[in-house]
1. For a distance above 23 Å, tell me the whole-number percent of Cα pairs in the stretch B:74-205 that qualify.
2. Hey, with R₀ at 45 Å, roughly what FRET efficiency would B:A40 and A:A8 work out to, going by the Cβ-Cβ distance, to 0.05?
3. Sort B:V151, B:V163 so the one with the fewest other Cβ atoms within 10 Å of its own Cβ comes first.
4. Going by how many other Cβ atoms sit within 10 Å of their own, how do B:H95, B:H29 line up, fewest first?
5. Ranking B:L72, A:L63 by Cβ neighbours within 10 Å, fewest first, what do you get?
6. Suppose only helical runs count, i.e. DSSP H with n ≥ 4. What mean residue ellipticity at 222 nm does that imply for chain B under -39500 (n - 2.57) per run, divided by all residues and rounded to the nearest 500 deg cm²/dmol?
7. Could you compute the FRET efficiency for B:R96 and B:L138, with r as their C-beta to C-beta distance and R0 at 30 Å, rounded to 0.05?
8. With everything on Cα atoms, drop me the angle between helix B:142-173 and the longest principal axis of chain B, reported from 0 to 90° to the nearest 10.
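Just so it is clear, none of the values below were taken in a lab; they were calculated from the coordinates. From a predicted model like this one, the values you see are computed outputs, not experimental measurements. As a convention, Cβ positions derive from the backbone with ideal geometry for all residues, glycine included, and neighbour counts pool all protein chains shown.
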Amino acid sequence: MSAARRIAAGFAASLLGLLAPALASACAACGGGTDRMRTAFLISTGFLSLLPLALIFGGLIWLRRRAGARMAGEFIDRDDVAATRARTRVVEPHSAPPLEGGEQPARG
Amino acid sequence: MTARAIAEGPGLAAASLTPSARRGRFADHTLIGMGLFVFAEIMLFSGFIAGFIISQRSAVPGSWPPIDQPRLPVASTGVNTAALLVSGLLLFLAHRAYRAERATVAARAMGLSILFGAAFVLLQGREWVRLLAQGLTLTSSPIGSYFYLIVGAHALHAVIALVYLGCAWFWLRAGRLMPQTFGAAQLFWYFVVLLWPFIYLKVYL
């Protein structure tokens, strides 16, 4: 079903619910039972929806705190090119053994 | 021919590493894995308790709990709850001693924590035997079904967590306990300990 047809079907269903509210009350959780049961459904739905979000958010905060100190110097080496170059120097090996046949070793 | 970079700095090995390698991991895989498991189990028990609450509220007033079913032992389970909470506190003290590199004190506290946890499981088992003898079974009523499902699942988690803690205790005594292993065992036991008061409040009271 194309997106346009899906939207049209949703609109028609909503219109039908408005025109015949008894049909919309067919849900046993929302339209049936006692107030206590409906309240229990609503609270449970809200709790089970929000709890995983809260756990995920808390986990991200915990990871962020643990990573905060270590990530502080993440880009120092990359940005401080001059200091990095001063600390690092390339040394050519002087004692490379000669190759057989008098060939010169490749320089790269 | 190869070019060899000599690093001048605090350490040859450290300076030759990339920045990300030098930074190291900021969260151990053991802890993350246990955290994900605990997250899944929290959602599992949340579903159980939500179902229990809805069934309880859906019942006809005065019919929950059913009059022909034995009442849950609130007082004795309260004592068991206190034992479990003490177990959690002792494990926290063991963790502090472990971080202070006082292995003997940590092992003693952890051992006591395991004993209190085992006492909780055994006493709960004794209550189960009594309830079964009095007629509360898995199929006798909805409250029986929910009780054995929720409390049984918690007991299963408690037993597995105790086994894990026992292994950690042996490794601690042998001087081979890794911080991440201890952290994961703690996380699992804290989950078992902190979940129980919610179960006690909703199912028993």
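1. Details: 3064 of 8646 pairs.
In whole percent, the share of Cα-Cα pairs in the stretch B:74-205 beyond 23 Å is 35.
2. Values: r = 40 Å, r/R0 = 0.88.
Taking R0 as 45 Å, the efficiency between B:A40 and A:A8 is 0.70.
3. Working: B:V151 22, B:V163 12.
Ordered from fewest to most neighbouring Cβ atoms within 10 Å, B:V151, B:V163 come out as B:V163, B:V151.
4. Values: B:H95 20, B:H29 10.
Final ranking by Cβ density, sparse to dense: B:H29, B:H95.
5. On the way: B:L72 18, A:L63 14.
Ascending Cβ contact count within 10 Å gives the list A:L63, B:L72.
6. Only helices count here, giving -25500 deg cm²/dmol.
7. On the way: r = 42 Å, r/R0 = 1.38.
It comes to 0.10.
8. Result, in degrees: 30.
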